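The values are calculated or read from the model by the stated rules, or taken from the named source; none is laboratory data. In this text, all values refer to a predicted model and were calculated from it rather than measured experimentally. FYI the Cβ positions are ideal-geometry reconstructions off the backbone, even for glycines, and counts take in every protein chain you see.
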Amino acid sequence: MSLVSGTLQGMPAFSMYTGIARTDPEAGGVAAADYDGDGKIDVVEYGAGKVALLKNAGTSLEEAPLPYSGGARAAVWGDWNGDKKPDLLLATPTGPVLLTNVGDGTFRDDTKLLPKEPYYALTSAAFIDQDGDGKLDILLANTPAGIVATDDRCPHMSAPLSIGELDGCVVACPLHEGRFDLSTGETIQMPTTGGLDADGNYHPTWSPGGRDAKVDPPGRKAEARRLTRVRRLRYYPVRIADGRIQVALPRF
Ligand code: FES
C-alpha cells in the first residue's frame, strides 16, 4: 500500500508520496481521523494480516503503536464515550475489537466492554446513534455480505426467521429445518415438508438425522404440501446516513 499526492499543475495526476506499512496478505481499506487532535488527518490502514495506525507528522506518516496485533476486515472511528477523542472499532474474524483513545497518543483495549457472542465472523462494524440519545451505539454485522434487510418471515410458510439461528450468511428457520442464504436469497436446504423450490422443481419430504423420510399421507393436506412453493428472500434497499440505518419499505 502507498500514499499518493495529486497535483493540479498541467494534467491531473498522482505521484508517489510515501510508502506505508504493509497489511499483507491483503489490503482491506483505510479510515481517517485526527486521533491526536493536532489538526492533521491521521490514517489507520487494515488488511488480513495487520492494522497499522499512521500518525500524520506533516511531511511523513509514522506508524504509532496500537494495543492490538492481527488483521481486520473493517475499521471505523467514532467517539463512543463522548470525550471528544475518536476511538477505533475493528471488525475481525474472531470478533469486535474496541480501542479507546486515551488522549496521550495511546489507546486502551476496551474489547471486554462489548457483549460476548458464541459465534463471530465479523465483516463490518459501525458506530451509529441507534436510539437518537446523542450517544454512539455499535452495530456489528456477522454476515460476509454485510448489512442486509429482509422480511422477518420464512420464504416457506412465514415462520419468524429472527428466532432462527444465523451461521455466517445462512439462517436456519425454526420450523421445518429450512435453511436460506441471506447473501443470495437461495434455499440451502429445503424444508422437511418438501414441495416446490423457487424454480418450481419438486422436492420430496425428508427427515433430519438420517431417518427415513415420512411418507406423505394421501389427501389434500399432502397435496398442499407438494404444491407449496418456497419463495426467494425479498430484500429492501439499505443505506447508512447520518449514523442511522435507513431501510426503504414498500407502501402497503
Ligand atoms: S416455515 Fe420455515 S422452513 Fe417451513
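Whether a residue is modelled with pLDDT of 95 or more and buried (at least 19 other Cβ atoms within 10 Å of the Cβ) was assessed, and THR92 does not pass this test. Within region 166-177, track down each residue that is closer than 14 Å to THR150 by Cβ, near the ligand (Cβ under 9 Å from one of its atoms) and in contact (Cβ under 8 Å) with a residue 24 or more places away in the chain. Matches in region 166-177: none. Scanning region 193-221 for residues that are touching a Ser or Thr at 6+ places or on another chain (Cβ under 9 Å) and in a loop (DSSP other than H, G, I, E, B) gives THR193, GLY194, ASP197, ALA198, THR205, TRP206, SER207, ALA213, LYS214, VAL215, ASP216. Residues that are assigned to a strand (DSSP E or B) and over 30 Å from GLY134 (Cα atoms) are absent from region 78-85. Filtered by the rule that a residue be on the phi > 0 side of the Ramachandran plot and within 27 Å of the chain's Cα centre (by Cα), region 46-77 gives a lone residue, GLY70.
Considering region 105-192, the qualifying strands (runs of 3 or more DSSP E), each wholly inside and each with 1 or more residues that are modelled with pLDDT of 75 or more and under 27 Å from ALA48 (Cβ atoms), run over 107-109, 124-128, 165-167, 170-172, 179-181, 187-189.
Tell me, which residue of region 178-199 that is closer than 17 Å to TYR235 by Cβ and near the ligand (Cβ under 10 Å from one of its atoms) is farthest from the chain's Cα centre (by Cα)? Taking the candidates together, the pick is THR187.
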